[in-house]
Amino acid sequence: MGSYILKRLVSALPVLLGITVIVFLIMSLIPGDPATAILGSYATPDNVEKLNRDLGLDKPMVTRYFIWLGNMLTGDFGRSFSLNRPVIDEVLERFHATLILAGTSFVLCAVLGILAGTVSAARQYGAADKAITFVVLIGISIPSFFLGMMMILLFAVDLRWLPVSGMYAIYGGGDLPDLIWHLIMPATALAAVATGVVARLSRAAMLEVLRQDYIRTARAKGVPERRVIMGHALRAAMVSIIPVLGLQAGFVLSGAVYIEIVFQWPGIGRMLVDAILKRDLLLVQGGVVFVAACYVLFNIAVDVAQSLLDPRIKT
Amino acid sequence: MTRFLKLLFRNRLAGIGAVVMGLILALVILTPVLPLQDPYATDLGARFKGALQDGHILGTDHLGRDQLSRLLWGTQLSLLVGLASAFAAALIGSTIGVIAGYFGGRTDNLIMRAVDMVMAFPYILLALAIVAALGPGLLNALIAVAAVNVPFFARNIRGIVVTLAGREFVDAARLAGMGHTRIILTEIVPNVLPVIVIAMSTTIGWMILETAGLSFLGLGSQPPQADLGSMLGEARAALITHPFTSVVPGVMIFLIVMSINLLGDGVRDALDPRLKSGALSRPLPVTTVGREGPIPAATDDLLAVQDLHTQFHAGSRIFRAVGGVDLAVRPGECLGIIGESGSGKSVTALSITRLVASPPGVITGGAVRFREADMIGASYEELRQIRGDKVAYIFQDPLSTLHPLYRIGDQLAEAIRVHHKVPKDELRKRAITLLKDVRIPNAESRVDNYPHEMSGGMRQRVGIAMALANEPDVIIADEPTTALDVTVQAQILALLNDLRREKGLAIVFITHDFGVVAQLCDRVAVMYAGRIVETGPTQAILDAPAHPYAKRLIACVPELGHGRRELAAIPGLPPAVDDLPPGCAFAPRCDKASASCCEGDVPLIGTPPRAVRCLYPEENV
């Protein structure tokens with residue numbers, strides 16, 4: 001197993017490198033001159049030239065790429081001009097908040113989605129199946145940012161059950177219950193679409209598996225039906241559900257951008273949008289590379305989980 | 001096409017989706033000619049009017065602009081932008097895919113590596129990076145969304161083109177001296193076009209949502225121009241004080257996405273032929289029972305099948321797989337059921353503990369009695385306790401009948417554990433003993449194997465060991481040796497025979513091979529089209545078959561050392577059991593058939609133990 005993980009990590013290196021190349025290329029699409037963008041249009045040519053030299057922008061592109069890459073490898077992602085602090089500090093702080101939100105949503109969507117799909121398949125065409133199918137249809141059709149806004153209206157403004165926004169209460173709070181209190185709405189809104197997708201897929205996978213001969217064998221052995229569904233069938237269905245969970249993690253991470261805006265969550269998505277609007281490109285660049293790299297590593301974890309589940313995969 | 005539309009509209013939800021989408025499209029097309037107010041005319045005195053106030057059907061927004069007008073123009077813009085980015089992504093992605101797939105080799109490798117790298121991003125990061133570089137704006141958002149979706153098309157189209165590029169007609173075009181461009185345009189593109197269209201239709205809703213999302217973040221359309229996303233984004237500032245302004249564009253996005261989803265599902269279902277046959281429904285834990293007629297009285301046999309009828313209901317068609325079968329076994333006895341594929345022998349066997357897949361299977365008559373208790377009328381729990389404990393099965397093809405993800409030791413242990421409370425270490429010992437019983441070498445290490453780590457013969461032995469786990473009274477073996485080579489088959493038969501003698505269990509052995517029957521079975525029942533056509537002691541039937549079908553079946557078995565004998569195949573095919581003619585089902589293939597064979601039911605008669613269902617039997621029994 002250890003050698004398999006190592007092999008996967010090594011094979012991820014070119015992908016990680018590719019990510020930096022793509023981000024670098026996209027950033028070089030910027031029309032005009034970054035120094036002018038930072039200094040504003042009233043800057044003197046002298047100042048622009050000086051800043052260009054300070055930022056290393058007078059060097060050829062390939063050289064600039066390797067300088068940037070080398071700096072990143074030593075943990076130096078540059079300095080955000082709009083926040084006047086190292087990019088990596090800001091990114092780590094914000095990513096921490098995103099991880100709490102997106103991680104919770106991911107767990108929610110995996111657990112609820114698989115559960116709903118399994119029940120739906122086991123009770124195919126029954127009342128529970130129809131109800132779940134209907135809710136799932138609504139769930140995958142409603143944009144997460146709109147769902148979030150409607151939840152705020154209902155649960156925070158009308159019913160006053162939950163806080164409107166933020167990660168912690170402004171006065172007092174700051175402890176775990178306070179965090180969970182603030183997390184309920186954004187995490188649910190963020191999980192909605194992914195839960196629907198996972199539920200649909202789990203239902204289809206379960207229906208496929210339940211028709212297999214080994215399910216008949218389990219029943220012929222006298223295995224109780226609950227165990228046939230939750231043990232034999234679900235275990236086999238997980239083989240096709242897990243890769244989709246990996247994909248959904250990407251969608252949850254993406255959806256977090258909207259949810260962070262709607263709920264004023266101090267995560268990396270909101271940081272990126274702010275940075276784009278302020279044209280703080282080093283911050284955008286650093287944030288994108290960092291999150292993409294984490295996502296690649298997460299997908300390796302998904303592959304490892306898959307190989308643990310399915311002994312037929314050669315490790 | 002009309003059939004496709006019919007299928008699509010038979011799905012009520014897809015119909016709703018089509019209607020909603022049609023309405024929205026009609027509104028959007030009519031927007032320029034509708035008597036709407038100017039969407040940009042601000043009136044700060046009339047801010048946040050509610051619905052139906054002052055001639056504003058949907059009220060006004062934070063600048064006093066007419067919401068209805070803005071909604072329709074915004075919808076138009078959102079749909080156009082979504083469509084445009086879908087087209088752009090499809091065009092660029094498909095071009096890349098076609099080039100990679102057609103040229104293959106290093107071109108393919110290089111392109112697909114790049115595509116993989118782009119796909120390694122969570123999609124919004126890439127879109128944000130592009131918008132960051134190009135600056136906020138609707139066109140830039142469009143470019144970003146299109147770019148993010150390019151890899152999806154590239155990958156899908158490449159997969160298809162790779163197979164196309166290897167096909168004969170492409171080779172032919174190449175030999176005819178056509179250039180690459182011409183081959184791609186005339187031979188490849190027309191073939192992938194339908195796939196591109198389908199891929200586009202599945203992503204278009206998604207792209208509308210994504211562009212709306214970027215606008216919502218303030219990175220797409222810039223004021224005063226507004227698509228649905230930026231309308232929602234602007235309205236958010238007044239969400240708590242004036243929620244209605246947010247609800248209007250939000251509901252519109254929801255309706256668009258939902259109708260596209262419904263339509264997409266409908267299209268997919270209409271295109272998936274498996275759904276039409278109803279094959280996608282999962283089997284229930286027990287076969288459905290809908291018995292008509294009286295339930296036969298109990299006998300003193302160990303296991304008795306009495307006038308069993310099992311049918312498959314597929315749509316309006318009814319397949320009578322088993323049409324009145326009587327069988328019985330006593331302890332220590334081996335009964336063979338023999339017949340061609342489709343004769344109903346496996347369905348008979350599965351009906352015994354109600355394992356026939358249901359839907360579509362239904363048991364419509366008769367009884368199955370184990371120690372006099374009727375299993376067809378039993379509850380699930382009663383049946384479960386008999387399954388595997390008293391009556392066990394050995395199935396054909398052990399690769400698909402053993403669970404691929406559990407160690408065989410665990411599968412054996414489970415068979416015991418669901419019926420008896422046994423401590424864990426004891427279970428493992430029992431599993432090893434069972435493996436030894438079926439003559440598996442190195443049982444101590446084999447017990448931790450997964451099914452895919454064993455050979456076919458070994459897996460079949462595991463299947464047998466599993467059936468023996470609780471020392472059942474009856475074993476039903478459904479072609480357990482069909483997938484095996486002859487030497488392994490002989491070993492397995494000898495093994496079953498030994499076990500029968502050692503443990504006194506009764507075996508119902510299903511096969512299409514008279515050679516196997518001769519080796520193992522005391523008595524045999526020959527099945528044809530869901531009914532027994534002849535039954536009696538094995539040796540008697542082998543020596544002097546009475547039914548013409550049985551005689552022909554026996555003649556099909558080649559015998560070693562008896563060269564020069566002519567092997568006679570039976571011409572024709574067994575009849576389809578959804579439309580059986582009256583009288584003898586074998587008559588169309590029988591050379592002794594006369595008109596009377598097709599007039600009414602032929603009874604199964606004879607002096608016990610033999611009986612035959614024929615008006616002109618080969619032998620009188």
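Mind giving me the FRET efficiency for B:T607 and A:R123? R0 is 45 Å, r the Cβ-Cβ distance, nearest 0.05 is fine.
Details: r = 53 Å, r/R0 = 1.17.
So the FRET efficiency works out to roughly 0.30.
Here region B:106-154 and region A:243-314 have alpha carbon centers that stand 15 Å from each other.
Amide H contacts under 5 Å for A:R79: A:V87, restricted to partners 5 or more places along the chain or on a different chain, H placed in the peptide plane at 1.01 Å from N.
Taking a cut-off of 24 Å, what percent of all Cα-Cα pairs in region A:190-300 are separated by more than that?
Values: 2838 of 6105 pairs.
Tail of the P(r) past 24 Å holds 46 percent of the pairs.
Shielding of peptide A:261-268 by partners, expressed as the average count of other chain Cβ atoms within 10 Å per residue Cβ, is 1.
Peptides B:416-427, A:189-200, ordered by how many other C-beta atoms sit within 10 Å of their residues on average, highest first, read A:189-200, B:416-427.
Report the Rg/Rh value for region B:58-271, based on alpha-carbon coordinates and the Kirkwood definition of Rh.
Numbers: Rg = 20.6 Å, Rh = 18.9 Å.
That ratio equals 1.09.
For chymotrypsin sites (Phe, Trp or Tyr not before Pro), no site in region B:84-118 is both called loop by DSSP and has at most 13 other Cβ atoms within 10 Å.
Summarising the amide proton neighbourhood of B:I394: residues at separation of 5 or more, or on other chains, whose placed amide H is nearer than 5 Å comprise B:I476, B:A477, B:D478.
Kirkwood hydrodynamic radius of region B:282-387, from the reciprocal of the average inverse Cα-Cα distance over all distinct pairs: 14.0 Å.
Computed over the alpha-carbon pairs of region B:391-508, the distance histogram in 10 Å steps reads 15, 50, 33, 3 percent, short to long. Here A:H96 sits with roughly 110 square angstrom of accessible surface, probe radius 1.4 Å. Within 10 Å of the Cβ of each residue in A:148-154, the mean number of Cβ atoms contributed by other protein chains is 4.
Note down the relative contact order for chain B as a percent, whole number, built from C-alpha pairs under 8 angstrom at least six residues apart.
Details: 1047 pairs, mean separation 70.2, N = 621.
Relative CO of chain B lands at 11 percent.
Model label points for A:T44 and B:F87, set 7 angstrom from Cα along the Cα-to-Cβ axis, are 5.1 nm apart.
Can you tell me which of A:59-65, B:115-121, B:151-157 comes out highest on packing, and rank the rest after it, using the mean Cβ neighbours within 10 Å? Walk me through the intermediate numbers first.
Values: A:59-65: 11.9, B:115-121: 20.0, B:151-157: 22.9.
Answer by packing, highest mean first, reads B:151-157, B:115-121, A:59-65.
Annotation: lysines with alpha-carbon distance below 23 angstrom to A:K278 (same-chain offsets under eight excluded): A:K50. Here the protein assembly as shown is described by how far its Cα atoms reach on the three principal axes: 116, 76, 64 Å, from widest to narrowest.
Both numbers refer to the Cα atoms of chain A; Rg and Dmax are 23.9, 85 Å. Packing, taken as the mean count of other beta carbons within 10 Å per residue, orders the peptides B:284-292, B:67-75 from highest to lowest as B:67-75, B:284-292. For the Cα trace of region B:158-305, dividing Rg by the Kirkwood Rh returns an Rg/Rh value of 1.31.
Rounded to the nearest 100 Å², what's the accessible area chains A and B bury against each other, both chains counted, probe 1.4 Å? Don't skip to the answer; put the middle values down first.
On the way: alone 17740 and 30800 Å², together 41760 Å².
For A against B, buried area totals roughly 6800 Å².
Between A:R235 and A:W181, the FRET efficiency estimated from the beta carbon spacing at R0 = 30 angstrom works out to 0.25. Taking 23 Å as the limit for the C-alpha separation, the pairs A:K221/B:K421; B:K345/B:K436; B:K345/B:K503; B:K345/B:K551; B:K345/B:K421; B:K345/B:K592 exceed it in the case of B:K345/B:K436; B:K345/B:K503; B:K345/B:K421; B:K345/B:K592. Reducing region B:433-486 and region A:141-164 to their Cα centroids gives an inter-centroid distance of 58 Å. With a 10 Å cut-off around each Cβ of B:231-240, the average count of Cβ atoms from other chains is 3. The accessible surface of chain A, taken with every protein chain in place and a 1.4 Å probe, is 67 percent carbon and sulfur.
Would you work out the relative contact order for region B:282-387, in percent, from Cα pairs under 8 angstrom that are 6 or more residues apart?
Details: 207 pairs, mean separation 44.9, N = 106.
Answer for region B:282-387 is 42 percent.
For region B:534-621, what class follows from the C-alpha gyration tensor (a ≥ b ≥ c being the square roots of its eigenvalues): rounded when a/c is under 1.5, otherwise prolate if a/b is larger than b/c, else oblate? Cα axes put region B:534-621 in the oblate bin.
With the helix formula -39500 (n - 2.57) applied to DSSP H stretches of n ≥ 4, the protein assembly as shown reaches a computed 222 nm mean residue ellipticity of -18500 deg cm²/dmol.
Computed from phi, the 3J(HN,Hα) profile of region B:486-501 under the Karplus parametrisation 6.51, -1.76, 1.60 (θ = phi - 60°) reads 5, 5, 5, 4, 4, 4, 5, 4, 4, 4, 4, 4, 4, 4, 4, 6 Hz, with x in place of Gly and Pro.
Which residues does a label at B:T107 reach in region B:162-205, if reach means a backbone N under 15 Å from a point 7 Å past the Cα toward the Cβ? Answer for region B:162-205: B:162-166, B:171, B:174, B:178-189. Taking a straight Cα-Cα cut-off under 27 Å and skipping sequence neighbours fewer than 8 places away in the same chain, the lysines within cross-link reach of A:K7 are A:K314. Along region B:167-184 the Karplus relation, 6.51 cos²θ - 1.76 cosθ + 1.60 evaluated at θ = phi - 60°, assigns HN-Hα couplings of 7, 4, 5, 6, 4, 4, 5, 5, 5, 6, x, 6, x, 4, 4, 5, 4, 4 Hz to successive residues, with x for each Gly and Pro. In terms of its C-alpha gyration tensor, chain B has a prolate overall shape, because the principal axis ratio a/c (a ≥ b ≥ c, square roots of the eigenvalues) is not below 1.5 and a/b outweighs b/c.
For region B:257-265, 3J(HN,Hα) computed residue by residue from phi via the Karplus equation (6.51, -1.76, 1.60; θ = phi - 60°) reads 5, 5, 5, 5, 4, 4, 4, x, 4 Hz, glycine and proline entered as x.
Using a simple spin-label model with pseudo-atoms 7 Å out from Cα toward Cβ, A:V164 and B:L25 lie 4.2 nm apart. Here the simple spin-label model places points 7 Å from the Cα toward Cβ, and for B:T163 and B:S455 these points are separated by 3.5 nm. In the complete set of protein chains, residue-level accessible area for A:W181 is approximately 120 Å², probe 1.4 angstrom.
Pairwise over distinct Cα atoms, reciprocal of the mean inverse distance: report the Kirkwood radius of region A:1-121 in Å, one decimal place. Evaluated over region A:1-121, this radius sits at 18.5 Å. Accessible surface for B:K503 stands near 80 Å², nearest 10, in the context of the full protein assembly shown (1.4 Å probe).
Across region A:173-252, the convex hull enclosing all Cα atoms gives 113 Å³ per residue.
The values are calculated or read from the model by the stated rules, or taken from the named source; none is laboratory data. Here the structure is a predicted model, which means the values were calculated and not measured. Note that each Cβ is placed from the backbone with ideal geometry, even for glycine, and that neighbours are counted across all protein chains shown. Please note that ligands, DNA and RNA were not included when accessible areas were found on the heavy atoms of the full protein model with its side chains. Shrake-Rupley method; radii C 1.70, N 1.55, O 1.52, S 1.80 Å.
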